[in-house]
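The structure under discussion appears below in the form of structure tokens.
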Amino acid sequence: MAIFSDDEGFIKKEKKNPIIKSETIEYDNTFENSIRPKDFESYIGQSALKETLKITLEAAKRRDKTLDHMLFYGPPGLGKTTIAGVIAAQMGVEIRITSAPALERPRDIIGILMSLKGGEILFIDEIHRLNKVAEEILYPAMEDFTLDMTTGKSQTAKTLRIPLPKFTLIGATTKAGELSSPLRDRFGIIHRLEFYTVEELASVVKRTAKILEIDITPDGAEAIALRSRGTPRIANRLIKRVSDFALVKYDGKIDKNVANESLDALKIDEFGLDTTDRALLNLIIEKYDGGPVGVETIAAALSEDVRTIEDVCEPYLLQAGLLQRTPRGRKVSPEGYRHLGKRIPSEQTKLFEEIL
Ligand code: ADP
């Protein structure tokens, strides 16, 4: 692969740092990171993934080898970044976290690769959004740990092969299908993260409550878990908001009643759907006769971004069986109608309306 570096050279210090957090996850003390599990024991659920990883990590340690490159995919908030941090901690190596949109120019990815130390983990979020040039720089880096560079232009061009330290690339994506196959094929481990069960989410809620010193009963934790859409990030967000309610409107303790009343007030229904999810289902039912309708039309009507609809709203609506994806667009399922308390139009009525 040829990269034409300009006269400025890529080694110059960049103004824009493409690494979001170059330090280990532990040093970042934002809310999300303060409650982020750091080891396999506190990483709840995803047991198949954990079992595979434990063996892979142990084998790499025994052989004193760098871990294979890994790709984790699934909807946002299911723990892809977190598991990458757990892997780094277990291997006792640093993790560098960046995301594909921050790697716009060749020099962004080259700069990161050249600054890696042996055994380190490079985590690239939203890896399906890498541009072609960055992807092609990654191929030899992932396969042979080299950087193939061409300096100068046309006849005076020279190819340089720069060795890189052995590193592990962990990619995360919400859209595995959008990865090019040459990139996908370079990952030794590809794993899809699953939505969490209510029991698992209740454990997430209890664990977070303990860290944040929030008083919660087991049925309070379960009530929050039930409305968390199978997603730990949402469970954590809800417990924080419910604890604000509990503090201001009740005696500070969260039980089932406090949780349910707070969540009702926050307009999160018993399926965990929020106002945008319900607006989406309502729109398809009211304006498009239940569908099918294209995602662009839905996004425009709701004044939302197509990516938000596809990555944030739809995965759970599809998994909960409220929405269906057809070749002609999205359709609300009979469960979706029932959930919103709407009458399901019979096929005959629909046919009759179409003829008229
Ligand atoms: P993703 O990278 O898939 O979008 P993250 O790894 O950032 O998701 O996880 C979002 C939040 O959810 C984290 O801050 C973490 O606290 C919590 N979380 C994710 N997975 C787990 C888990 N398995 N156990 C406990 N908490 C989790």
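The values are calculated or read from the model by the stated rules, or taken from the named source; none is laboratory data. Since we're looking at a predicted model, the values are computed, not measured. No Cβ is skipped: glycine too gets one built from the backbone with ideal geometry, and neighbour counts run over all protein chains shown. Only protein heavy atoms, including side chains, enter the accessible area calculation; ligands, DNA and RNA are left aside. Shrake-Rupley method; radii C 1.70, N 1.55, O 1.52, S 1.80 Å.
For (1) within 18 Å of the chain's Cα centre (by Cα); (2) over 29 Å from GLU58 (Cα atoms); (3) at pLDDT 95 or above; (4) of a type in the set (Phe, Trp, Tyr), each residue gets a yes or a no:
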residue: ILE95; (1), (2), (3), (4): yes, no, yes, no
residue: LYS117; (1), (2), (3), (4): no, no, no, no
residue: LEU130; (1), (2), (3), (4): yes, yes, yes, no
residue: LYS166; (1), (2), (3), (4): no, no, yes, no
Hits in the stretch 277-295 (condition: loosely packed, with under 15 Cβ neighbours inside 10 Å and part of a loop (DSSP other than H, G, I, E, B))
GLY294
For SER203, state whether it is surrounded by fewer than 20 Cβ atoms within 10 Å (Cβ to Cβ), among the small types (Gly, Ala, Ser) and not assigned by TED's automatic domain parsing to the domain that holds VAL312.
yes
Output for the stretch 130-161, where each listed residue is part of a strand (DSSP E or B) and open to solvent by 40 Å² or more (accessible area, probe 1.4 Å):
THR151, LYS158, THR159, LEU160, ARG161
Residues that are assigned to a helix (DSSP H, G or I) and surrounded by fewer than 18 Cβ atoms within 10 Å (Cβ to Cβ), drawn from the stretch 296-309:
GLU296, THR297, ALA300, ALA301, LEU302, VAL306, ARG307, THR308
For the stretch 70-80, indicate whether the set of residues that are over 25 Å from LYS38 (Cα atoms) and of a type outside the set (Asp, Glu) is non-empty.
no
Candidate set: the stretch 32-48, residues that are near the ligand (Cβ under 7 Å from one of its atoms) and part of a loop (DSSP other than H, G, I, E, B); chosen: the one surrounded by the most Cβ atoms within 10 Å (Cβ to Cβ)
GLN46
Some residue of the stretch 325-335 being without any contact (Cβ under 8 Å) to a residue 60 or more places away in the chain, closer than 23 Å to ARG227 by Cβ and either open to solvent by 70 Å² or more (accessible area, probe 1.4 Å) or part of a helix (DSSP H, G or I) (or both):
yes
Which members of the stretch 170-200 meet the condition of being hydrophobic (A, V, I, L, M, F, W, C), within 25 Å of ILE44 (Cβ to Cβ) and open to solvent by less than 10 Å² (accessible area, probe 1.4 Å)?
ILE170, ALA172, LEU193
Is it the case, given these coordinates, that THR173 is among the polar types (S, T, N, Q), more than 16 Å from the ligand (Cβ to nearest atom) and modelled with pLDDT of 95 or more?
no
Could you count how many residues in the stretch 178-199 are in contact (Cβ under 8 Å) with a residue 12 or more places away in the chain and assigned to a helix (DSSP H, G or I)?
6
Filtering the stretch 206-220 down to residues that are under 18 Å from PRO37 (Cα atoms) and among the hydrophobic types (A, V, I, L, M, F, W, C), which residue is least open to solvent (accessible area, probe 1.4 Å)?
ALA209
The correct count of residues that are in a helix (DSSP H, G or I), open to solvent by 10 Å² or more (accessible area, probe 1.4 Å) and within 12 Å of the ligand (Cβ to nearest atom) in the stretch 77-110 is 4
Cβ pairs under 6 Å, 6+ apart or interchain, first in the stretch 40-52 and touching a residue at least 40 places away in the same chain (Cβ under 8 Å) and of a type in the set (A, V, I, L, M), second near the ligand (Cβ under 9 Å from one of its atoms) and outside any loop (DSSP other than H, G, I, E, B), ordered by first then second residue, are ILE44/GLU200; ILE44/SER203; ILE44/VAL204
Can you tell me which residue within the stretch 317-336, out of those that are of a type in the set (S, T, N, Q) and under 22 Å from the mean Cα position of the chain (by Cα), is modelled with the lowest pLDDT?
GLN319
In this structure, does ARG229 turn out to be open to solvent by less than 80 Å² (accessible area, probe 1.4 Å), touching a residue at least 60 places away in the same chain (Cβ under 8 Å) and either under 24 Å from the mean Cα position of the chain (by Cα) or in the same structural domain as LYS80 (by TED's automatic domain parsing) (or both)?
yes
